[in-house]
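Where a number appears in this text, it was derived from the coordinates with a stated rule and is not lab data. Since we're looking at a predicted model, the values are computed, not measured. Cβ sites come from the backbone with ideal geometry, for glycine too, and all protein chains shown count toward neighbours.
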Amino acid sequence: MARYTDSVCKLCRREGQKLFLKGQRCYTDKCAITRRAYAPGQHGQGRKKTSEYGLQLRAKQMTRRYYGVLESQFRGYYELATHKEGKTGDELLAILESRLDNVVYRLGFATSRPEARQLVVHGHFTVNGKRVDIPSYLTKVGEVVSIQDKSRSSEKFKAVLEATSAHPVAKWLDLNRDTLEGKIIALPTRDEIDLAVDETLIVELYSK
Ligand code: SF4
C-alpha cells in the first residue's frame, strides 16, 4: 500500500497544528511547529487566500493525516458514518478514534499513531485475548485491548510505557496500569476528541 515517506513534520506545518506524528519529540522545543510555525515550501510564509473548497479540503486532509489514513479508506469511513444515527461529522471522528492503532496510542501503549500502527502490525496486541495485527480494526464498546504477554517485558515497551506515563488517557477508555489492559467503555463524544478541526467542513466536501 502506498504510504507517505517525506518528513512528517511538514504535514503538521502544512496543517498549521501539531498532528503528533513523532512521539516524544512532539512534546519538546524541537517540534517543527514550535520552531517554524508556517507552511513548508517557497510560498509557505506568503499571503493565504482560502476558498470555501480550500477550507473543506484542508479540514479533510488534516483529519486524514492526524489518523494516518489513506484517501480511499477515509472515504469509506465517511460512508459508514452517513449510515449512523448521530451527526455524520461526529460519527466519522468516533469511527476514526475506534481504530485499533488509535486506541493503542490513546492508552499510552505507543508514543505516536505511526508507532502504534507499526506495533500493531508486528502483532504485539490482543483484543479480548486474541491477537489482532490489523491497525484499521474497529474496536467496539466492551472490548479489551492488551499488550501480548511476551511483549510486556521487552525493552521497547518499557521505554514506551515510561515515555507515556504522564500522558492523560482518554476518558472513554479505562486503563489498568497493573495488567496493561484497556477497556473501551464508550465511543468518544465530539468534546472528548482533541482534534481542532471543523468536521462539518469534511461533510460538506463529501456531500457535493
Ligand atoms: Fe508534528 Fe511532532 Fe513534528 Fe511537531 S515534532 S511538527 S507535532 S510530527
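So here's what we get for this one:
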quantity: Helices (runs of 4 or more DSSP H) enclosed by region 21-137 - at least 1 residues per element that are among the β-branched types (Val, Ile, Thr) and surrounded by 14 or more Cβ atoms within 10 Å (Cβ to Cβ); calculated: 32-35, 52-67, 88-98, 100-106, 113-121
quantity: Residue in region 82-97 that is free of Cβ contacts under 8 Å to residues at least 24 places away in the same chain and under 19 Å from the mean Cα position of the chain (by Cα) present; calculated: yes
quantity: Pairs, first closer than 13 Å to Thr111 by Cβ and within 8 Å of the ligand (Cβ to nearest atom) in region 20-37, second outside any loop (DSSP other than H, G, I, E, B) and of a type in the set (S, T, N, Q), C-beta under 7 Å, six or more apart; calculated: none
quantity: Residues satisfying the stated conditions in region 147-202, i.e. assigned to a loop (DSSP other than H, G, I, E, B), among the acidic types (Asp, Glu) and loosely packed, with under 12 Cβ neighbours inside 10 Å; calculated: Asp178, Asp194
quantity: Members of region 141-165 that are more than 15 Å from Glu181 (Cα to Cα), among the acidic types (Asp, Glu) and over 23 Å from the mean Cα position of the chain (by Cα); calculated: Glu155
